[in-house]
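The next block holds one structure in the form of structure tokens; read it before the comments.
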Amino acid sequence: MHDLRHSFGVHCAQAGVPIVRLQKLLGHASPHMTLRYMKHAPESYFQEDAAKVAASISGKRNREAEAQAGLAREGMRPA
């Protein structure tokens with residue numbers, strides 16, 4: 001049963017579910033327990049997140065960075 005729970009947490013992290021939502025889904029009292037699943041999150045999401053933060057700060061979206069992040073994400077998915 002625990003393996004299924006762990007697999008669910010890993011798939012959520014890989015899908016880009018934010019840590020706070022994942023914490024609630026898994027029923028963890030603190031985000032520290034949930035952080036162990038984030039090591040399974042692909043690096044391409046970090047670039048996408050950085051692009052979103054930059055767009056938020058500048059007040060405009062970077063469509064090229066979003067497209068690159070989308071392509072990277074598609075490359076990370078199994079065929």
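All of the numbers you see were taken from the coordinates with simple rules; none came from a lab. A quick note: this is a predicted structure, and the numbers were derived from the prediction, not measured. When we count neighbours, we look across all protein chains shown, and the Cβ atoms used for this are built from the backbone with ideal geometry, even at glycine.
In nm, to one decimal, how far is the modelled label at residue 39 from the one at residue 25, with both set 7 Å along Cα→Cβ?
Those two pseudo-labels are separated by 2.0 nm.
In nm, to one decimal, how far is the modelled label at residue 4 from the one at residue 57, with both set 7 Å along Cα→Cβ?
Those two pseudo-labels are separated by 4.4 nm.
Only counting other Cβ atoms within 10 Å, I'd like 2, 28, 11 sorted with the fewest neighbours first.
Fewest to most other Cβ atoms nearby, the residues stand as 2, 11, 28.
If neighbour count is taken as other Cβ atoms inside 10 Å, put 25, 4 in order from fewest to most.
Ascending number of Cβ neighbours within 10 Å: 4, 25.
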